[in-house]
1. Could you please give the count of residues in the range 56-98 that are more than 12 Å from the chain's Cα centre (by Cα) and touching a residue at least 60 places away in the same chain (Cβ under 8 Å)?
2. Which ones in the range 57-104 are among the small types (Gly, Ala, Ser) and closer than 14 Å to Trp36 by Cα?
3. Based on this model, can you work out whether Glu88 counts as farther than 22 Å from Val5 by Cβ, at pLDDT 95 or above and among the acidic types (Asp, Glu)?
4. List every residue pair whose Cβ atoms sit under 9 Å apart, with the two residues 6 or more apart in sequence or on different chains, where the first one lies in the range 1-30 and is farther than 12 Å from Trp105 by Cα and of a type in the set (Phe, Trp, Tyr) and the second, anywhere, is modelled with pLDDT of 95 or more and in a strand (DSSP E or B).
5. What residue, of Gln1, Gln13, is open to solvent by 20 Å² or more (accessible area, probe 1.4 Å), in contact with a strand residue (DSSP E or B) (Cβ under 8 Å, 6 or more places away or on another chain) and modelled with pLDDT under 95?
6. Within the range 54-67, which residues are open to solvent by 70 Å² or more (accessible area, probe 1.4 Å) and among the polar types (S, T, N, Q)?
7. One residue is enough: does the range 50-59 have a residue meeting the conditions modelled with pLDDT of 95 or more, touching a Leu at 6+ places or on another chain (Cβ under 9 Å) and among the hydrophobic types (A, V, I, L, M, F, W, C)?
8. Residues that are closer than 19 Å to Ala24 by Cβ and exposed (fewer than 13 other Cβ atoms within 10 Å of the Cβ): does the range 75-96 have at least one?
Amino acid sequence: QVQLVESGGGLVQPGGSLRLSCAASGSSFRLYAMAWHRQAPGKERELVASIGSGGTTNYADSAKGRFTISRDNAKNTVYLQMHSVKPEDTAVYYCNARLFAMNSWGQGTQVTVSS
């Protein structure tokens, strides 16, 4: 299993921006499919955005046009740039790495959107 450590969460005002980072251990990061998921209180965990090993991205409808997922293979890091955040974006955001049977999760980082 790969170890994932998220950072960058916090309190942000509606309409503001935030960048989440997820640092991965190991030497095979470039092979992993990476994703950001989130879970709001009382709701199921949902996919926010994903990026394949080749850079192909996919977004939930709620994230399209506002969020951007990217990866830096030299730094073993995946990012989620969030713009125009809304109160409904409030959730714990989790980083996920997948490769064949390997499916690892980070501990999560809290994002709270409130004035």
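The values are calculated or read from the model by the stated rules, or taken from the named source; none is laboratory data. In this text the structure is predicted, and so the values were computed from the model without any measurement. Note: ideal-geometry Cβ built from the backbone for every residue, glycine included; neighbour counts use all protein chains shown. With ligands, DNA and RNA removed, areas are computed over all heavy atoms of the protein, side chains included. Shrake-Rupley method; radii C 1.70, N 1.55, O 1.52, S 1.80 Å.
1. The number of residues fulfilling the criteria is 6.
2. Step one: list which residues in the range 57-104 are among the small types (Gly, Ala, Ser), which gives 60, 62-63, 65, 70, 74, 84, 91, 97, 101, 104.
The answer is Ala60, Ser62, Ala63, Ser70, Ala91, Ala97, Ser104.
3. Details: farther than 22 Å from Val5 by Cβ: yes; at pLDDT 95 or above: yes; among the acidic types (Asp, Glu): yes.
Yes.
4. From residues that are farther than 12 Å from Trp105 by Cα and of a type in the set (Phe, Trp, Tyr), the pairs are Phe29/Arg71; Phe29/Thr77; Phe29/Val78; Phe29/Ala97.
5. Values: Gln13 fails: modelled with pLDDT under 95.
Gln1 is the lone residue from the list that is open to solvent by 20 Å² or more (accessible area, probe 1.4 Å), in contact with a strand residue (DSSP E or B) (Cβ under 8 Å, 6 or more places away or on another chain) and modelled with pLDDT under 95.
6. If the condition is that a residue be open to solvent by 70 Å² or more (accessible area, probe 1.4 Å) and among the polar types (S, T, N, Q), then Thr56, Asn58 are the ones that fit.
7. The answer is no, given that none of the residues of the range 50-59 is modelled with pLDDT of 95 or more, touching a Leu at 6+ places or on another chain (Cβ under 9 Å) and among the hydrophobic types (A, V, I, L, M, F, W, C).
8. Of the range 75-96, the ones closer than 19 Å to Ala24 by Cβ are 75-81, 92-96.
From what is left, the residues that are exposed (fewer than 13 other Cβ atoms within 10 Å of the Cβ) are 75.
Yes.
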